[in-house]
Amino acid sequence: GVEETICSMRLKQNIANPTRADIYSEKGGRITTLNSQKLPILNFLQMSAERGVLYQNALHAPHWHSNAHSVIYVTRGSCRCQIVGNQGRQVFDGQLNQGQMLVVPQNFAVVKQAGNEGFEWVSFKTNDNAMAIPLVGKTSVLRAMPVDVLMNAYQISREEAQRLKYNRQEETMVLTPGSRS
Amino acid sequence: SRHYQGQSQCRIENINAQEPNRRVESEAGVVEFWDQNNEQFECAGVAPTRYIIQPNGLLLPFFVNAPRLVYIVQGRGMSGALIPGCPETFHSIRQSAQLRAGRSQQQGARDQHQKIRSIRQGDILALPAGVTHWLYNEGETPLVAVSLHDTSSNANQLDRNLRRFQLAGSQQTQTTSYQQRQQQRQQVRGQQQDIPENNIFNGFNVETLAEAFGVSTETARKLQGQNDQRGNIVFVEGGLRAIRPQQGEDEEEREQRYRTAN
């Protein structure tokens, strides 16, 4: 168990290497997460990190973190970012530029769309295994609801509900631009 | 586990039984809130809520910033807890069999979703913080559920205020008789009660939503529910249909029965 003691614990891991990306989209970009499952010392710190790259006009799907605050630092490019709090109140709608930092509180929903030169960021989470819950895509909450619930919740037809659930097919978190029916 | 928010102030000299002090009415039910600023609830670090859902009423999906236990006081229905990271695994074997047989699907052949749980009087639902939840009353009597939110839990890294995040619907708070009595007191405390409660899509730009979901701007507007006057509990005409085990059949028995066909 020597390698399990804090003295010999691994203290670093590269998250900028594209081959280590957890989510990759050829036209959208990539996201690499680093949590305590990959780097056990983060369990002591109760923190984790994420590195993201969005290509031109690609979207980081609307999502929230259910167990952590998130602090975003822009490493390159720019994006339009919107953050929504409880009671549906928009608390931020603006451009994020290189060198800026933005706090996204726990449970607040956020969406980012990269500008023309793309967008790169690193974000720090206040939980060693931060959970992101997307609103769009394969693992989204809308995909997890029966079509009838969506139809009645949003007063839409069955076809519209199907489109809401399945239009993004296999995509998750990183969305390619210009896909609209 | 309660050290995170700091020790609460518990200067209680008398303890009183508490009634809800705020009532929000919707098309198919009522949500009642106890005053979370009451010193007794503040001391315990909890916030209680009661839902009364009429037959065929659907409590629209929402999540809160704290873990909660929900007790079903009366009635029966179905409940969906959307757990992050879990794929939409719930598709019936019956559906697959029908597909193989080439029959038409009333449910829509493509629909899959996460597991739906039948609930009835006496059940406790345990819901982690940030997990989206909906509830539907499929009985003949009102479905009454009491929910206690542990706002002082470590899972809540915000302040101790209970915050609701609606995924659908919108709600203009309506004042009721006993609320009116409380309102003056709360206004003195500088609190604003009559804030419209919109869903989180309402805070996003329509164009961004349309692009993210890959739908028209018209559908994106419907997601925002701006002109939706039904509130957070809505009537489902003709009843809610969803893929789930047939009623009266124990889920474990059913799994056992179909195991060999897997």
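Numerical summary
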quantity: Qualifying positions in the stretch A:57-66 - in contact with a Pro (Cβ under 6 Å, 6 or more places away or on another chain), more than 7 Å from chain B (Cβ to nearest Cβ) and under 19 Å from B:PHE165 (Cβ atoms); calculated: A:HIS63
quantity: Helices (runs of 4 or more DSSP H) (entirely within the stretch B:189-262) containing at least 1 residues that are modelled with pLDDT of 95 or more and over 30 Å from A:GLY178 (Cβ atoms); calculated: none
quantity: Residue check, A:VAL174 touching a residue at least 40 places away in the same chain (Cβ under 8 Å), touching a Phe, Trp or Tyr at 6+ places or on another chain (Cβ under 7 Å) and crowded, with 16+ Cβ neighbours inside 10 Å; calculated: no
quantity: Sole residue being modelled with pLDDT of 60 or more and in contact with a Phe, Trp or Tyr (Cβ under 7 Å, 6 or more places away or on another chain), chosen from B:LEU148, B:LEU162, B:LEU167; calculated: B:LEU167
quantity: Sole exception among (1) within 8 Å of chain B (Cβ to nearest Cβ); (2) farther than 30 Å from B:GLN114 by Cβ for A:HIS69, by number; calculated: (2)
quantity: Answer residue from the stretch B:12-31, given it is outside any loop (DSSP other than H, G, I, E, B) and in contact with an Asp or Glu (Cβ under 9 Å, 6 or more places away or on another chain) and is surrounded by the most Cβ atoms within 10 Å (Cβ to Cβ) among those; calculated: B:VAL31
quantity: Members of the stretch B:42-87 found to be surrounded by 21 or more Cβ atoms within 10 Å (Cβ to Cβ) and not in a strand (DSSP E or B), listed by number; calculated: B:ASN65, B:ALA66, B:GLY75, B:PRO84
quantity: Given (1) touching a residue at least 40 places away in the same chain (Cβ under 8 Å); (2) facing chain B (nearest Cβ under 10 Å), number of the condition A:ASP148 does not satisfy; calculated: (1)
quantity: The stretch A:36-48 residues that are under 18 Å from A:SER66 (Cα atoms), paired with ones that are exposed (fewer than 14 other Cβ atoms within 10 Å of the Cβ) and of a type in the set (A, V, I, L, M, F, W, C) (beta carbon under 9 Å, 6 or more apart); calculated: A:SER36/A:PHE44; A:SER36/A:LEU45
quantity: Failed item in (1) in contact with a helix residue (DSSP H, G or I) (Cβ under 6 Å, 6 or more places away or on another chain); (2) among the small types (Gly, Ala, Ser); (3) on the phi > 0 side of the Ramachandran plot, with A:SER36 passing the rest; calculated: (3)
quantity: Answer residue from the stretch B:209-248, given it is at positive phi and within 19 Å of the chain's Cα centre (by Cα) and is farthest from the other protein chains (Cβ to nearest Cβ) among those; calculated: B:GLY231
quantity: Any hit, the stretch B:81-92, residues being at pLDDT 90 or above and within 15 Å of B:GLU138 (Cα to Cα); calculated: no
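The rows are residues; the columns are (1) more than 17 Å from the chain's Cα centre (by Cα); (2) within 11 Å of another protein chain (Cβ to nearest Cβ); (3) small (Gly, Ala, Ser).
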position	(1), (2), (3)
A:ILE83	no, yes, no
A:ASN86	yes, yes, no
A:GLN113	no, yes, no
A:THR126	no, yes, no
A:ALA130	no, yes, yes
A:ALA153	yes, yes, yes
A:ARG163	yes, yes, no
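The values are calculated or read from the model by the stated rules, or taken from the named source; none is laboratory data. What you see is a predicted model, and the numbers here were worked out from it, not measured in a lab. Note: ideal-geometry Cβ built from the backbone for every residue, glycine included; neighbour counts use all protein chains shown.
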